[in-house]
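Every number here is computed from the coordinates shown, using simple stated rules; none is lab data. Values in this document were obtained by computation on a predicted structure and should not be read as measured data. Positions of Cβ are generated from backbone atoms using ideal geometry, with glycine treated the same way; all protein chains shown enter the neighbour counts.
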Amino acid sequence: MPETAYNMSFTAAALRFQESVACAAIFLSVGEWQSVKQLARRDNLIQSRTDSSSKRVSSEICQRLEELHPDELKLLAEGTVQEQQQILWLAICRRHRFLHEFAVAVVREKYLQLNLDLYPEDYDAFFNAKAQWHDELDRLAETTRMKLRQVTFKMLREADILTKTNSINPTMMTPRVARTVGSHSPDDLRIFPLFDRDIRELLQ
């Protein structure tokens, strides 16, 4: 049976930190995602030049945030910047399985081996391996592949998982984030550069 196809729509938006935090706060107020999209477009929250672009980006942001549980959304809206970055990366990885698997199998694995430099070639090797089993990846144009890689690295930097020079940052996670995420899906903590012992200590 073939694997479920990857959703690669994350090029519609990078991390979009401020807009995502604002959308989370709106949702906590109105309680309905369609209203969040409408309000984001009405108030030009995305700061897009065209309505079509605003619609596309606000939709992508809301679909990411829909992956979060209420307590995770509250932490995204009200936490520290560091906590917000981590919850937002979590939402993106839940929305996009390709990024979740890349974060675990490549970024965290290199961190565990104390090999802290992440190269474009690391991404390409992962992508090419997945493309052997996923026709939707194999069919992508080279320009699209390059855009996907560019946005992936940009999001990792914006989430403070990579430095500006593409060195992997150890995640300084608060117990509040770890316990909130861990109460729903402890395995999701593996999308961050954390040792197993650190995860265990955070969840105590």
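Annotations
- Around the Cα centre of the stretch 95-204, unit charges on the Cβ atoms of Lys, Arg, Asp and Glu (plus for the first two, minus for the last two) sum to a dipole of about 360 debye.
- Ranked by how many other beta carbons lie within 10 Å on average, peptides 4-10, 102-108 from highest: 102-108, 4-10
- FRET E, pair R56, V81, Förster distance 41 Å, beta-carbon r, rounded to 0.05: 0.95
- Within the stretch 165-204, the proportion of Cα pairs with more than 14 Å between them is 40 percent.
- Positive contributions from Lys and Arg (+1) and negative ones from Asp and Glu (-1), summed over other residues with Cβ under 10 Å from the Cβ of Q85, come out at -3.
- Partner aspartates and glutamates for K55 [C-alpha distance under 14 Å; skip if fewer than 8 residues away on the same chain]: E19, D43
- Among the listed pairs K130/K154; K37/K110; K74/K130; K110/K147, those beyond 30 Å (Cα-Cα): K37/K110; K74/K130
- Rounded to the nearest 20 debye, the dipole magnitude of the chain is 480 debye, with +1 charges on Lys and Arg beta carbons, -1 on Asp and Glu beta carbons, and the Cα centre as origin.
- Two numbers describe the Cα atoms of the stretch 59-112: Rg and Dmax, which are 11.9, 35 Å.
- The convex hull defined by the C-alpha atoms of the stretch 95-200 has an orientation-averaged projected area of 7.1 nm².
- Note on the stretch 82-119 and the stretch 131-174: Cα centroid distance 9 Å, given to the nearest whole angstrom.
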